[in-house]
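The structure appears below as C-alpha coordinates.
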Amino acid sequence: MSWSWKLGRVAGIPIYVHWTFVILIASIVLGYWMESHNLITALEGGGFILSLFGCVVLHELGHALVARRFGVPTSDITLLPIGGVARLQRIPERPVQELLIALAGPAVNVVIVGLLVFVFQVRFPGDVSDPQQLVQARFWPKILEVNAFLAGFNMLPAFPMDGGRVLRALLAMRLPYSRATRLAASIGQFMAIGFGLLGLCVPQYFLLLFIALFVWIGAEAEATQVEERIALKDVPVRTAMLTEYHTLMPFDSLGHAADLLLAGTQHDFPVVSPTDHSFQGLLTRSDLLTGLARAGRDALAGDHAKTGIFSVEASSPLAAAVARLRAGQGPCLQVVDQGETVGLLTLENVGEFLMVREALHDTR
Ligand SMILES: [Zn+2]
(Lines give C-alpha, C1' and ligand atoms only; values in the text may rest on other atoms or scores of the structure.)
Protein backbone atom coordinates (compact mmCIF):
# COMPACT_ATOMS: atom_id res chain seq x y z
CA MET A 1 0.00 0.00 0.00
CA SER A 2 1.37 3.46 -0.86
CA TRP A 3 2.06 6.03 1.89
CA SER A 4 3.15 3.30 4.31
CA TRP A 5 6.35 2.71 6.29
CA LYS A 6 7.81 -0.73 6.99
CA LEU A 7 8.08 -1.56 10.70
CA GLY A 8 9.50 -5.09 10.52
CA ARG A 9 8.51 -8.72 9.98
CA VAL A 10 6.43 -11.10 12.14
CA ALA A 11 6.05 -14.81 11.24
CA GLY A 12 7.72 -14.00 7.91
CA ILE A 13 5.09 -11.32 7.05
CA PRO A 14 6.25 -7.71 6.53
CA ILE A 15 4.36 -5.20 8.73
CA TYR A 16 3.72 -1.66 7.43
CA VAL A 17 2.08 1.36 9.08
CA HIS A 18 -0.12 3.74 7.05
CA TRP A 19 0.05 7.48 7.65
CA THR A 20 -3.59 7.63 8.77
CA PHE A 21 -2.79 5.19 11.58
CA VAL A 22 -0.13 7.69 12.70
CA ILE A 23 -2.93 10.32 12.88
CA LEU A 24 -4.91 7.99 15.16
CA ILE A 25 -1.85 7.63 17.42
CA ALA A 26 -1.28 11.42 17.35
CA SER A 27 -4.89 12.07 18.39
CA ILE A 28 -4.46 9.70 21.35
CA VAL A 29 -1.17 11.40 22.39
CA LEU A 30 -2.97 14.75 22.16
CA GLY A 31 -5.76 13.36 24.31
CA TYR A 32 -3.26 12.32 27.00
CA TRP A 33 -1.57 15.71 26.82
CA MET A 34 -4.84 17.62 27.21
CA GLU A 35 -5.84 15.35 30.10
CA SER A 36 -2.71 15.86 32.23
CA HIS A 37 0.64 17.55 31.72
CA ASN A 38 2.23 14.72 33.71
CA LEU A 39 5.33 12.64 32.74
CA ILE A 40 4.00 9.35 34.16
CA THR A 41 0.73 9.76 32.28
CA ALA A 42 2.68 10.52 29.11
CA LEU A 43 4.82 7.37 29.57
CA GLU A 44 1.68 5.37 30.23
CA GLY A 45 0.29 6.89 27.04
CA GLY A 46 3.39 5.72 25.17
CA GLY A 47 3.00 2.19 26.55
CA PHE A 48 -0.67 2.25 25.66
CA ILE A 49 0.12 3.25 22.07
CA LEU A 50 2.68 0.44 21.71
CA SER A 51 0.16 -2.03 23.13
CA LEU A 52 -2.46 -0.72 20.72
CA PHE A 53 -0.03 -1.44 17.85
CA GLY A 54 0.49 -4.89 19.34
CA CYS A 55 -3.25 -5.67 19.51
CA VAL A 56 -3.85 -4.60 15.90
CA VAL A 57 -0.86 -6.67 14.72
CA LEU A 58 -2.19 -9.70 16.65
CA HIS A 59 -5.63 -9.15 15.08
CA GLU A 60 -4.09 -9.12 11.58
CA LEU A 61 -1.87 -12.12 12.35
CA GLY A 62 -5.09 -13.93 13.29
CA HIS A 63 -6.32 -13.40 9.71
CA ALA A 64 -2.92 -14.20 8.15
CA LEU A 65 -2.24 -17.40 10.10
CA VAL A 66 -5.71 -18.87 9.48
CA ALA A 67 -5.28 -17.94 5.77
CA ARG A 68 -1.92 -19.73 5.80
CA ARG A 69 -3.64 -22.88 7.12
CA PHE A 70 -5.82 -22.79 3.99
CA GLY A 71 -2.70 -22.39 1.81
CA VAL A 72 -3.21 -18.65 1.19
CA PRO A 73 -0.01 -16.60 1.76
CA THR A 74 -0.15 -12.98 3.05
CA SER A 75 1.94 -10.39 1.12
CA ASP A 76 2.01 -7.89 3.98
CA ILE A 77 0.09 -6.36 6.89
CA THR A 78 -0.63 -2.61 6.93
CA LEU A 79 -1.90 -0.84 10.04
CA LEU A 80 -4.79 1.57 9.39
CA PRO A 81 -7.27 3.32 11.71
CA ILE A 82 -9.88 0.67 10.78
CA GLY A 83 -7.73 -2.00 12.39
CA GLY A 84 -5.26 -2.85 9.67
CA VAL A 85 -5.28 -4.83 6.47
CA ALA A 86 -3.70 -8.24 5.90
CA ARG A 87 -3.20 -8.39 2.12
CA LEU A 88 -3.88 -12.00 1.14
CA GLN A 89 -2.27 -13.09 -2.15
CA ARG A 90 -5.53 -14.61 -3.32
CA ILE A 91 -9.08 -15.07 -2.11
CA PRO A 92 -9.66 -18.54 -0.65
CA GLU A 93 -11.65 -20.86 -2.91
CA ARG A 94 -14.44 -21.77 -0.53
CA PRO A 95 -16.69 -19.15 1.16
CA VAL A 96 -16.39 -21.03 4.47
CA GLN A 97 -12.62 -20.48 4.39
CA GLU A 98 -13.09 -16.74 3.83
CA LEU A 99 -15.61 -16.73 6.67
CA LEU A 100 -13.11 -18.32 9.08
CA ILE A 101 -10.26 -16.03 7.94
CA ALA A 102 -12.48 -12.94 8.43
CA LEU A 103 -13.62 -14.10 11.89
CA ALA A 104 -10.07 -14.92 13.04
CA GLY A 105 -9.02 -11.26 13.48
CA PRO A 106 -11.89 -10.13 15.78
CA ALA A 107 -11.62 -13.53 17.53
CA VAL A 108 -8.07 -12.63 18.62
CA ASN A 109 -9.41 -9.44 20.26
CA VAL A 110 -12.23 -11.41 21.91
CA VAL A 111 -9.61 -13.81 23.33
CA ILE A 112 -7.59 -10.85 24.68
CA VAL A 113 -10.78 -9.41 26.28
CA GLY A 114 -11.56 -12.84 27.76
CA LEU A 115 -8.05 -13.21 29.19
CA LEU A 116 -8.10 -9.71 30.70
CA VAL A 117 -11.57 -10.10 32.22
CA PHE A 118 -11.51 -13.71 33.43
CA VAL A 119 -7.80 -14.40 34.10
CA PHE A 120 -6.47 -10.98 35.15
CA GLN A 121 -9.81 -9.68 36.52
CA VAL A 122 -9.53 -6.40 34.60
CA ARG A 123 -12.73 -4.37 34.41
CA PHE A 124 -14.02 -1.90 31.88
CA PRO A 125 -12.89 1.72 32.64
CA GLY A 126 -16.34 2.97 33.71
CA ASP A 127 -16.55 0.15 36.24
CA VAL A 128 -13.60 1.08 38.46
CA SER A 129 -14.95 2.23 41.84
CA ASP A 130 -11.96 1.61 44.13
CA PRO A 131 -9.53 4.62 43.94
CA GLN A 132 -6.48 2.33 44.50
CA GLN A 133 -7.66 0.07 41.70
CA LEU A 134 -8.21 3.12 39.53
CA VAL A 135 -4.52 4.08 39.83
CA GLN A 136 -3.32 0.53 39.04
CA ALA A 137 -5.90 -0.30 36.46
CA ARG A 138 -5.90 2.74 34.22
CA PHE A 139 -3.70 1.10 31.62
CA TRP A 140 -5.28 -2.38 31.44
CA PRO A 141 -8.93 -1.26 31.36
CA LYS A 142 -8.03 0.89 28.38
CA ILE A 143 -6.41 -2.09 26.63
CA LEU A 144 -9.56 -4.03 27.44
CA GLU A 145 -11.72 -1.31 25.95
CA VAL A 146 -9.57 -1.05 22.81
CA ASN A 147 -9.83 -4.79 22.18
CA ALA A 148 -13.57 -4.83 22.72
CA PHE A 149 -13.76 -1.91 20.26
CA LEU A 150 -11.54 -3.65 17.68
CA ALA A 151 -13.67 -6.79 17.85
CA GLY A 152 -17.01 -4.95 17.72
CA PHE A 153 -16.20 -2.25 15.19
CA ASN A 154 -14.52 -4.60 12.71
CA MET A 155 -17.57 -6.86 12.76
CA LEU A 156 -19.80 -4.09 11.34
CA PRO A 157 -20.94 -5.33 7.90
CA ALA A 158 -19.01 -2.60 6.06
CA PHE A 159 -17.22 -4.53 3.30
CA PRO A 160 -14.19 -4.73 2.98
CA MET A 161 -14.02 -4.64 6.81
CA ASP A 162 -14.12 -8.03 8.55
CA GLY A 163 -17.89 -8.01 9.17
CA GLY A 164 -18.42 -7.19 5.49
CA ARG A 165 -16.22 -10.14 4.51
CA VAL A 166 -18.26 -12.40 6.80
CA LEU A 167 -21.39 -11.07 5.05
CA ARG A 168 -19.88 -11.66 1.57
CA ALA A 169 -18.87 -15.21 2.54
CA LEU A 170 -22.40 -15.93 3.87
CA LEU A 171 -23.99 -14.44 0.71
CA ALA A 172 -21.55 -16.41 -1.51
CA MET A 173 -22.85 -19.64 0.00
CA ARG A 174 -26.18 -18.88 -1.72
CA LEU A 175 -25.36 -16.48 -4.60
CA PRO A 176 -22.76 -16.39 -7.40
CA TYR A 177 -19.51 -14.94 -6.06
CA SER A 178 -19.58 -11.71 -8.11
CA ARG A 179 -23.19 -10.93 -7.09
CA ALA A 180 -22.40 -11.65 -3.43
CA THR A 181 -19.41 -9.27 -3.67
CA ARG A 182 -21.39 -6.51 -5.42
CA LEU A 183 -24.15 -6.76 -2.81
CA ALA A 184 -21.70 -6.72 0.13
CA ALA A 185 -19.83 -3.79 -1.50
CA SER A 186 -23.08 -1.80 -1.92
CA ILE A 187 -23.98 -2.36 1.74
CA GLY A 188 -20.39 -1.34 2.63
CA GLN A 189 -20.69 1.87 0.63
CA PHE A 190 -24.08 2.62 2.21
CA MET A 191 -22.44 2.25 5.63
CA ALA A 192 -19.52 4.43 4.47
CA ILE A 193 -22.02 7.25 3.83
CA GLY A 194 -23.30 6.76 7.41
CA PHE A 195 -19.73 6.83 8.81
CA GLY A 196 -19.01 9.95 6.77
CA LEU A 197 -22.10 11.79 8.02
CA LEU A 198 -21.37 10.82 11.65
CA GLY A 199 -17.74 11.94 11.21
CA LEU A 200 -18.89 15.30 9.85
CA CYS A 201 -21.58 15.94 12.48
CA VAL A 202 -19.80 14.76 15.66
CA PRO A 203 -16.32 16.36 16.05
CA GLN A 204 -14.87 13.59 18.29
CA TYR A 205 -15.72 11.00 15.61
CA PHE A 206 -13.73 12.80 12.88
CA LEU A 207 -11.67 9.61 12.30
CA LEU A 208 -14.83 8.05 10.86
CA LEU A 209 -14.29 10.29 7.82
CA PHE A 210 -11.07 8.38 6.99
CA ILE A 211 -12.80 5.08 7.62
CA ALA A 212 -15.68 6.11 5.34
CA LEU A 213 -13.14 6.89 2.61
CA PHE A 214 -11.30 3.58 3.03
CA VAL A 215 -14.53 1.57 3.05
CA TRP A 216 -15.92 3.40 0.02
CA ILE A 217 -12.76 3.08 -2.10
CA GLY A 218 -11.97 -0.42 -0.82
CA ALA A 219 -15.48 -1.75 -1.55
CA GLU A 220 -15.46 -0.37 -5.09
CA ALA A 221 -11.92 -1.59 -5.83
CA GLU A 222 -12.54 -5.09 -4.56
CA ALA A 223 -15.90 -5.50 -6.31
CA THR A 224 -14.31 -4.39 -9.60
CA GLN A 225 -11.37 -6.73 -9.03
CA VAL A 226 -13.67 -9.70 -8.43
CA GLU A 227 -15.71 -8.89 -11.56
CA GLU A 228 -12.48 -8.62 -13.55
CA ARG A 229 -11.14 -11.89 -12.17
CA ILE A 230 -14.35 -13.69 -13.10
CA ALA A 231 -14.32 -12.10 -16.60
CA LEU A 232 -10.70 -13.25 -17.11
CA LYS A 233 -11.34 -16.75 -15.80
CA ASP A 234 -10.39 -19.50 -18.27
CA VAL A 235 -9.16 -16.92 -20.80
CA PRO A 236 -5.63 -17.56 -22.14
CA VAL A 237 -3.06 -14.76 -22.59
CA ARG A 238 -3.24 -15.21 -26.38
CA THR A 239 -6.80 -13.83 -26.53
CA ALA A 240 -5.91 -10.39 -25.14
CA MET A 241 -2.36 -9.89 -26.43
CA LEU A 242 -1.17 -7.13 -28.74
CA THR A 243 0.00 -8.54 -32.06
CA GLU A 244 0.61 -5.34 -34.03
CA TYR A 245 3.41 -3.30 -32.50
CA HIS A 246 6.70 -1.71 -33.46
CA THR A 247 10.08 -3.10 -32.41
CA LEU A 248 13.45 -1.37 -32.45
CA MET A 249 16.92 -2.61 -33.37
CA PRO A 250 19.68 -1.83 -30.83
CA PHE A 251 21.31 0.54 -33.36
CA ASP A 252 18.08 2.50 -34.07
CA SER A 253 18.28 6.11 -32.85
CA LEU A 254 16.20 7.54 -30.02
CA GLY A 255 14.98 10.10 -32.58
CA HIS A 256 13.44 7.25 -34.59
CA ALA A 257 11.84 5.87 -31.40
CA ALA A 258 10.47 9.34 -30.58
CA ASP A 259 8.92 9.56 -34.07
CA LEU A 260 7.22 6.16 -33.50
CA LEU A 261 5.98 7.32 -30.06
CA LEU A 262 4.41 10.45 -31.59
CA ALA A 263 2.94 8.66 -34.61
CA GLY A 264 1.03 5.96 -32.71
CA THR A 265 -0.37 4.96 -29.33
CA GLN A 266 2.45 2.55 -28.37
CA HIS A 267 4.41 3.68 -25.27
CA ASP A 268 7.00 0.95 -24.86
CA PHE A 269 9.16 -0.57 -27.59
CA PRO A 270 10.82 -4.00 -27.45
CA VAL A 271 14.43 -3.92 -28.62
CA VAL A 272 15.13 -7.05 -30.69
CA SER A 273 18.32 -8.78 -31.83
CA PRO A 274 19.21 -7.97 -35.50
CA THR A 275 20.09 -11.63 -36.15
CA ASP A 276 17.24 -13.74 -34.71
CA HIS A 277 14.72 -11.06 -33.63
CA SER A 278 14.72 -12.34 -30.04
CA PHE A 279 13.76 -9.74 -27.38
CA GLN A 280 16.82 -8.13 -25.78
CA GLY A 281 15.17 -5.39 -23.77
CA LEU A 282 12.44 -2.78 -23.57
CA LEU A 283 12.66 0.95 -24.29
CA THR A 284 9.87 2.42 -22.16
CA ARG A 285 8.52 5.92 -22.70
CA SER A 286 10.30 7.18 -19.60
CA ASP A 287 13.60 5.53 -20.73
CA LEU A 288 13.16 7.23 -24.09
CA LEU A 289 12.49 10.67 -22.58
CA THR A 290 15.40 10.36 -20.13
CA GLY A 291 17.67 9.22 -22.99
CA LEU A 292 16.58 12.12 -25.23
CA ALA A 293 17.20 14.63 -22.41
CA ARG A 294 20.66 13.24 -21.62
CA ALA A 295 22.03 12.13 -25.00
CA GLY A 296 19.84 13.64 -27.74
CA ARG A 297 18.17 12.16 -30.82
CA ASP A 298 21.26 10.38 -32.17
CA ALA A 299 21.76 8.16 -29.11
CA LEU A 300 21.12 4.43 -29.66
CA ALA A 301 17.98 2.65 -28.47
CA GLY A 302 20.08 -0.33 -27.35
CA ASP A 303 22.03 1.86 -24.91
CA HIS A 304 18.91 3.24 -23.19
CA ALA A 305 16.61 0.21 -23.13
CA LYS A 306 16.06 -1.78 -19.94
CA THR A 307 17.62 -5.19 -20.33
CA GLY A 308 15.40 -8.14 -19.64
CA ILE A 309 11.66 -8.31 -20.20
CA PHE A 310 9.55 -10.93 -18.49
CA SER A 311 7.82 -13.46 -20.71
CA VAL A 312 4.59 -15.42 -20.44
CA GLU A 313 3.28 -18.44 -22.37
CA ALA A 314 0.48 -17.64 -24.85
CA SER A 315 -1.61 -20.54 -23.50
CA SER A 316 -1.21 -19.62 -19.81
CA PRO A 317 -4.08 -18.01 -17.82
CA LEU A 318 -4.59 -14.30 -18.48
CA ALA A 319 -5.60 -13.57 -14.85
CA ALA A 320 -2.17 -14.70 -13.57
CA ALA A 321 -0.37 -12.60 -16.21
CA VAL A 322 -2.45 -9.53 -15.25
CA ALA A 323 -1.55 -10.11 -11.60
CA ARG A 324 2.15 -10.15 -12.60
CA LEU A 325 1.79 -6.84 -14.48
CA ARG A 326 -0.05 -5.31 -11.49
CA ALA A 327 2.69 -6.55 -9.16
CA GLY A 328 5.15 -4.44 -11.16
CA GLN A 329 6.82 -6.90 -13.55
CA GLY A 330 7.26 -4.07 -16.05
CA PRO A 331 4.78 -2.21 -18.28
CA CYS A 332 4.37 -5.23 -20.58
CA LEU A 333 5.12 -8.94 -20.88
CA GLN A 334 6.59 -10.74 -23.89
CA VAL A 335 4.15 -13.45 -25.03
CA VAL A 336 5.87 -16.60 -26.30
CA ASP A 337 4.62 -19.79 -27.93
CA GLN A 338 7.13 -22.68 -28.08
CA GLY A 339 10.03 -20.25 -27.67
CA GLU A 340 8.83 -17.89 -30.45
CA THR A 341 7.61 -14.37 -29.68
CA VAL A 342 3.97 -14.05 -30.71
CA GLY A 343 2.84 -10.82 -29.01
CA LEU A 344 2.97 -8.31 -26.17
CA LEU A 345 0.68 -8.09 -23.16
CA THR A 346 -0.13 -4.66 -21.67
CA LEU A 347 -2.71 -3.67 -19.02
CA GLU A 348 -4.14 -1.17 -21.48
CA ASN A 349 -4.89 -3.98 -23.94
CA VAL A 350 -6.38 -6.16 -21.18
CA GLY A 351 -8.65 -3.19 -20.30
CA GLU A 352 -9.80 -2.97 -23.93
CA PHE A 353 -10.33 -6.73 -24.04
CA LEU A 354 -12.63 -6.43 -20.97
CA MET A 355 -14.57 -3.54 -22.56
CA VAL A 356 -15.11 -5.57 -25.76
CA ARG A 357 -16.26 -8.59 -23.76
CA GLU A 358 -18.66 -6.48 -21.70
CA ALA A 359 -20.10 -4.87 -24.85
CA LEU A 360 -20.65 -8.31 -26.41
CA HIS A 361 -22.20 -9.55 -23.18
CA ASP A 362 -24.58 -6.54 -23.11
CA THR A 363 -25.85 -7.17 -26.66
CA ARG A 364 -26.47 -10.79 -25.81
ZN1 LIG B 1 -9.60 -7.68 10.63
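The values are calculated or read from the model by the stated rules, or taken from the named source; none is laboratory data. This structure is a prediction, so every number in the text was calculated from the model and none was measured. FYI the Cβ positions are ideal-geometry reconstructions off the backbone, even for glycines, and counts take in every protein chain you see.
Pairing each residue of the stretch 323-343 that is surrounded by 11 or more Cβ atoms within 10 Å (Cβ to Cβ) with any residue that is among the charged types (D, E, K, R), provided the two are 6+ apart or on different chains, yields C-beta distances under 6 Å for PRO331/ASP268; CYS332/ASP268.
Just to be sure, is PRO92 farther than 28 Å from ILE23 by Cβ, buried (at least 17 other Cβ atoms within 10 Å of the Cβ) and away from the ligand (no atom under 12 Å from the Cβ)? So PRO92 passes the test. Candidates ALA223, ALA263, ALA231: the one that is over 24 Å from the mean Cα position of the chain (by Cα) and not polar (S, T, N, Q) is ALA263. Listed conditions (1) at pLDDT 90 or above; (2) over 27 Å from the mean Cα position of the chain (by Cα); (3) more than 16 Å from the ligand (Cβ to nearest atom) are all met by VAL113, apart from (3). If you go through the stretch 153-178 and keep only what is polar (S, T, N, Q) and within 16 Å of the ligand (Cβ to nearest atom), you end up with just ASN154. Checked against the criterion of being under 17 Å from LEU347 (Cβ atoms) and not assigned by TED's automatic domain parsing to the domain that holds ALA184, the stretch 287-299 has no qualifying residue.
Just checking, does the stretch 59-66 include any residue being of a type in the set (D, E, K, R) and modelled with pLDDT of 85 or more? Yes, the stretch 59-66 contains at least one residue that is of a type in the set (D, E, K, R) and modelled with pLDDT of 85 or more. Tallying residues that are aliphatic (A, V, I, L, M) and in contact with a strand residue (DSSP E or B) (Cβ under 6 Å, 6 or more places away or on another chain) within the stretch 339-363 yields 3. Using beta carbons and a limit of 9 Å, which pairs, at least six apart or on different chains, have the first residue in the stretch 269-283 and in the same structural domain as THR243 (by TED's automatic domain parsing) and the second one of a type in the set (Phe, Trp, Tyr) and surrounded by fewer than 22 Cβ atoms within 10 Å (Cβ to Cβ)? Here the result reads PHE269/TYR245; PRO270/TYR245; PRO270/PHE279; VAL271/PHE279; VAL272/PHE279; SER273/PHE279; PRO274/PHE251, each pair linking the stretch 269-283 to a residue that is of a type in the set (Phe, Trp, Tyr) and surrounded by fewer than 22 Cβ atoms within 10 Å (Cβ to Cβ). Scanning the stretch 231-248 for residues that are in a helix (DSSP H, G or I) and of a type in the set (S, T, N, Q) yields one hit, THR239.
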